[in-house]
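Scroll down for the structure; my scribbles are underneath it.
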Amino acid sequence: LEDVVKNLVSLAEAATEAAKKSVADSFAVSADAEDLEAAGMETAETLLMEAAGMELSKERVDRQQVVPWMRFMWEVYRVVLDIVKSSSKLELCYHDTAAKAFAFCKKYNRFLEFRRLCDMLRQHLALLVKAPRNAKSGLTHDVQISSPETMHRFLDIRFTQLNV
């Protein structure tokens, strides 16, 4: 599962970079969409302006080509973190993905997604602290927050968050 997750993240990153590069060849790319989850919404004003003008604006090309890939990349990070959050075997994958998600937010100036990522990681940590599972639960691959290595990894992610 770890190989599949890493491959998915790397392919999504490559596709996002390819879209950014294709737009950058003709325009300077800017990520002006405030919210990636609401960025794909076409308003009546934008549709009328697109119909009236035949020229491609930088914002229009960016919205049509780069923002969907950025939204996809954000969703990949979100889903991967949610899936691997409670498996001790995928703990390194969880922390690597979190670090990549922070780098994504920093690279593309995604402040709203950064806040959502911080909230999500805080909830994951609170869930581990609030309801620690023990050997009696029957799940042998749960993350043990009492482990020094695990606590060190979570602290590293928090320091990464502060640096971003």
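The values are calculated or read from the model by the stated rules, or taken from the named source; none is laboratory data. What you see is a predicted model; the values in this text were computed from it and never measured. Ideal geometry is used to build each Cβ from the backbone, glycine not excepted, and the neighbour counts take in all protein chains shown.
Structure summary
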read-out	value
Within the range 1-88, helices (runs of 4 or more DSSP H) holding 1 or more residues that are at pLDDT 85 or above, of a type in the set (S, T, N, Q) and within 30 Å of Leu127 (Cβ to Cβ)	2-26
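Yes/no matrix, rows are residues, columns are (1) assigned to a helix (DSSP H, G or I); (2) surrounded by 12 or more Cβ atoms within 10 Å (Cβ to Cβ); (3) at pLDDT below 85:
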residue	(1), (2), (3)
Asp96	yes, yes, no
Ala103	yes, yes, no
Lys136	yes, no, yes
Thr150	yes, yes, yes
Phe159	yes, no, no
